[in-house]
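The values are calculated or read from the model by the stated rules, or taken from the named source; none is laboratory data. The structure displayed is predicted, hence computed values, not measured ones. Positions of Cβ are backbone-derived with ideal geometry, glycine not excepted, and every protein chain shown enters the neighbour counts. All accessible areas refer to the heavy atoms of the entire protein, side chains included, with ligands and DNA or RNA removed. Shrake-Rupley method; radii C 1.70, N 1.55, O 1.52, S 1.80 Å.
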Amino acid sequence: QVQLVESGGGSVQAGGSLRLSCAASGYTYSTNCMGWFRQTPGKEREGVAVVLTGRGSTYYADSVKGRFTISQDNAKNTFDLRMTSLKPEDTAMYYCAADPAPLCGSWSLVTNDFAYWGQGTQVTVSS
């Protein structure tokens, strides 16, 4: 129904910035919630940021508040994660996701049961 493709990952020095992009295609009309998640080997996937598309309401994990920003571009059917002041602990595989649920909020960061997922893009932050 919905296909998501991430891009923009790479290697960066601590304190640097990266912008991840997620391109959505298919039946995207009901994807009210969009988000970014990350995972490292041996750890559970964790929510980074989510946005309720209709209202533009955003929710962030405490570890990234003030450093990361999630945004959407309806005309291009994309949404981005802008990351600044990157730290080594931000190193992970980052996934974009979308869900038709009418509401999403801070709980979405921990339940992370979105319906559609991208393939992931690696972010590596070195000291």
Next item on the list: Could you check Leu86 against (1) crowded, with 16+ Cβ neighbours inside 10 Å; (2) more than 14 Å from Ser63 (Cβ to Cβ) and say which number it fails?
Entry: (2)
Item checked: Criterion (more than 14 Å from Gly118 (Cα to Cα), open to solvent by less than 20 Å² (accessible area, probe 1.4 Å) and either without any contact (Cβ under 8 Å) to a residue 12 or more places away in the chain or more than 11 Å from the chain's Cα centre (by Cα) (or both)) met by exactly one of Leu18, Leu52 -> Leu52
Notebook entry, point to check: Where in the stretch 1-115 are the strands (runs of 3 or more DSSP E), entirely inside, with at least 3 residues that are modelled with pLDDT of 95 or more and within 22 Å of Val125 (Cα to Cα)?
Noted result: 2-7, 10-13, 18-26, 33-39, 46-52, 68-73, 78-83, 92-99
Notebook entry, point to check: In the set Asp99, Asp90, Asp80, Asp62, which member is out of contact with any His (no Cβ under 9 Å at 6 or more places or on another chain), of a type in the set (D, E, K, R) and farther than 26 Å from Ser11 by Cα?
Noted result: Asp99
Next item on the list: Would you tally the residues in the stretch 25-38 being open to solvent by 70 Å² or more (accessible area, probe 1.4 Å) and either in contact with an Asp or Glu (Cβ under 6 Å, 6 or more places away or on another chain) or in contact (Cβ under 8 Å) with a residue 24 or more places away in the chain (or both)?
Entry: 1
Next item on the list: Look through Phe68, Phe79, Phe114 and report the one residue that is open to solvent by 10 Å² or more (accessible area, probe 1.4 Å) and touching a Ser or Thr at 6+ places or on another chain (Cβ under 9 Å).
Entry: Phe114
Checklist line | Residue check for Arg45: touching a residue at least 12 places away in the same chain (Cβ under 8 Å), open to solvent by 50 Å² or more (accessible area, probe 1.4 Å) and under 10 Å from the mean Cα position of the chain (by Cα) | finding: no
Check: Of the residues that make up the stretch 98-109, is at least one surrounded by fewer than 21 Cβ atoms within 10 Å (Cβ to Cβ), of a type outside the set (A, V, I, L, M, F, W, C) and touching a Lys or Arg at 6+ places or on another chain (Cβ under 7 Å)?
Finding: no
